[in-house]
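The values are calculated or read from the model by the stated rules, or taken from the named source; none is laboratory data. Computed from a predicted model, the values in this text were never measured in an experiment. Counting neighbours? That spans all protein chains shown, and the Cβs are built from the backbone with ideal geometry, glycine included.
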Amino acid sequence: MSDFTFDKEFQGEAILEYGDSDFIILKAGAFVRCSVTGDPIPLAELRYWNVDEQEAYRDAMIAKQRWLELHAEPGQ
């Protein structure tokens, strides 16, 4: 059994401000939610986000899907 315990502030959902190459933690937590699927993404695994929309994505496929949605021509 591990002696390591998590501080309560790092157990819940974090709030981040996404920048071009990194992010700022506004509220400490262990994860953020994917804006498309709602799946939790541990902060250590967060690699994909949209600065303009301030959205996090679980993986590259979901990030691409969302980019295509946001950049689709009207009527397509």
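Of the residues making up the stretch 19-35, those that are within 9 Å of the chain's Cα centre (by Cα) and touching a residue at least 24 places away in the same chain (Cβ under 8 Å) are Val32, Cys34, Ser35.
Each row is one residue, and each column tells you yes or no for (1) out of contact with any Ser or Thr (no Cβ under 9 Å at 6 or more places or on another chain); (2) in a loop (DSSP other than H, G, I, E, B); (3) modelled with pLDDT of 95 or more; (4) loosely packed, with under 11 Cβ neighbours inside 10 Å.
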{"residue": "Met1", "(1), (2), (3), (4)": "yes, yes, no, yes"}
{"residue": "Phe6", "(1), (2), (3), (4)": "yes, yes, no, yes"}
{"residue": "Ile25", "(1), (2), (3), (4)": "yes, no, yes, no"}
{"residue": "Gly29", "(1), (2), (3), (4)": "yes, yes, yes, no"}
{"residue": "Thr37", "(1), (2), (3), (4)": "yes, yes, yes, no"}
{"residue": "Ala56", "(1), (2), (3), (4)": "no, no, yes, no"}
{"residue": "Leu68", "(1), (2), (3), (4)": "yes, no, yes, yes"}
{"residue": "Gly75", "(1), (2), (3), (4)": "yes, yes, no, yes"}
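Do you know which residues across the stretch 36-58 are among the acidic types (Asp, Glu) and touching a residue at least 12 places away in the same chain (Cβ under 8 Å)? Once the filter is applied, which keeps residues that are among the acidic types (Asp, Glu) and touching a residue at least 12 places away in the same chain (Cβ under 8 Å), the stretch 36-58 yields Asp39, Glu53, Glu55.
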